[in-house]
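For reference, the structure discussed in these notes is given below.
The values are calculated or read from the model by the stated rules, or taken from the named source; none is laboratory data. Note that this is a predicted model, so its numbers are computed, not measured. Virtual Cβ from ideal backbone geometry, glycine too; neighbours counted across all protein chains shown. For accessibility, only protein heavy atoms count, side chains too; no ligands or nucleic acids. Shrake-Rupley method; radii C 1.70, N 1.55, O 1.52, S 1.80 Å.
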Amino acid sequence: MERIDKINYYLEIADTVLKRGTCLRRNYGAVIVKNDEIISTGYTGAPRGRTNCIDLGFCAREKLNIKSGEKYELCRSVHAEQNAVISAARKDTIGATLYMVGRTAKTGELVDYIDSCSMCKRVVINAGIEKVIVKDKNEEKGYRVINVQDWINYDEVLEEKVKKMMEE
């Protein structure tokens, strides 16, 4: 039997973590690792004490026909990256790596080209996480490495505001 490499080992753990997710659209699992030690995990679900979408039997964003990637403020869930950061001490997240896997709730298929939403990017940046590694079936290695510094350098919110100002 061939031994699994460390990146895929942590991605497999993230894939297991996402099975706790409660979203009716997509579930994500996140694992924060530093110095080859798991710091925390997180999955997609409603805030503690609130009813999960799977228990309600509907997704508010689906009912409102909101496209993927838009208006996350209307989502009941706390995202996997956010839950993983919330469960960790900042001293442990500085310089850490976040591993993430996403699957569609209905089919269980891997989400194509995973990327954190702009709100999660801000949380990951502030946590001091250096890299995000996502399972990506379209990549030769089966995963993609994102340097968080790239998120710092490219501010999508500022880019959108500048674009709108130029159109006016």
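Determine the dipole magnitude for the stretch 1-78: charges of +1 sit on the beta-carbon of Lys and Arg, -1 on that of Asp and Glu, nothing else is charged, the reference point is the Cα centre, and the result goes in debye to the nearest 20.
Details: 14 positive and 10 negative charges, 94 e Å.
Its charge dipole is roughly 460 debye.
Thr104: accessible area at probe 1.4 Å, nearest 10 Å²?
40
What does the convex hull of the Cα atoms come to per residue for the stretch 1-64, in Å³?
Numbers: hull volume 7.3 nm³, N = 64.
Here the figure is 113 Å³ per residue.
Would you tell me the accessible area of Leu110, worked out with a 1.4 angstrom probe on the heavy atoms of the protein chains, in Å² to the nearest 10?
30
For the stretch 1-126, how many pairs of lysine residues have a Cα-Cα distance under 14 Å, where the two are 8 or more positions apart or belong to different chains? Mind showing how you got there, number by number?
On the way: Lys6/Lys34; Lys19/Lys106; Lys34/Lys91; Lys63/Lys71.
Eligible lysine pairs with Cα atoms under 14 Å apart amount to 4.
Quick one: what are the phi-derived ³J(HN,Hα) couplings along the stretch 68-81, Karplus 6.51/-1.76/1.60 with θ = phi - 60°, whole Hz, x for glycine and proline?
My calculation for the stretch 68-81 gives 4, x, 10, 6, 5, 5, 8, 8, 6, 7, 8, 6, 4, 4 Hz in order.
Based solely on its DSSP helices, what 222 nm [θ] is calculated for the chain when runs of n ≥ 4 H residues each add -39,500 (n - 2.57) and the sum is averaged over all residues, nearest 500 deg cm²/dmol? Each step should come with its number before you reach the end.
Numbers: 8 runs with 59 residues, N = 168.
Result for the chain, helices only: -9000 deg cm²/dmol.
What does the charge dipole of the chain about its Cα centre add up to, to the nearest 20 debye, if the Cβ of each Lys and Arg holds +1 and the Cβ of each Asp and Glu holds -1?
Working: 28 positive and 26 negative charges, 141 e Å.
Once rounded to the nearest 20, the dipole reads 680 debye.
Please express the Cα-Cα pair-distance distribution P(r) of the stretch 11-137 as a list of whole percents, one per 5 Å bin, running from 0 to the bin with the greatest distance.
In whole percents, the pair-distance histogram is 2, 12, 22, 24, 20, 12, 5, 2, 0.
With a Förster radius of 22 Å, plug the Cβ-Cβ distance of Asn35 and Ile125 into 1/(1 + (r/R0)^6) and report the FRET value to the nearest 0.05.
Numbers: r = 21 Å, r/R0 = 0.93.
Calculated value: 0.60.
Name the residue from Val85, Val124, Gly45 whose Cα lies farthest towards the positive end of the charge dipole of the chain, charges +1 on Cβ of Lys and Arg and -1 on Cβ of Asp and Glu.
Gly45
If the cut-off is a Cα-Cα distance under 12 Å, which aspartates and glutamates reach Lys131, setting aside same-chain residues fewer than 8 apart in sequence?
Asp150
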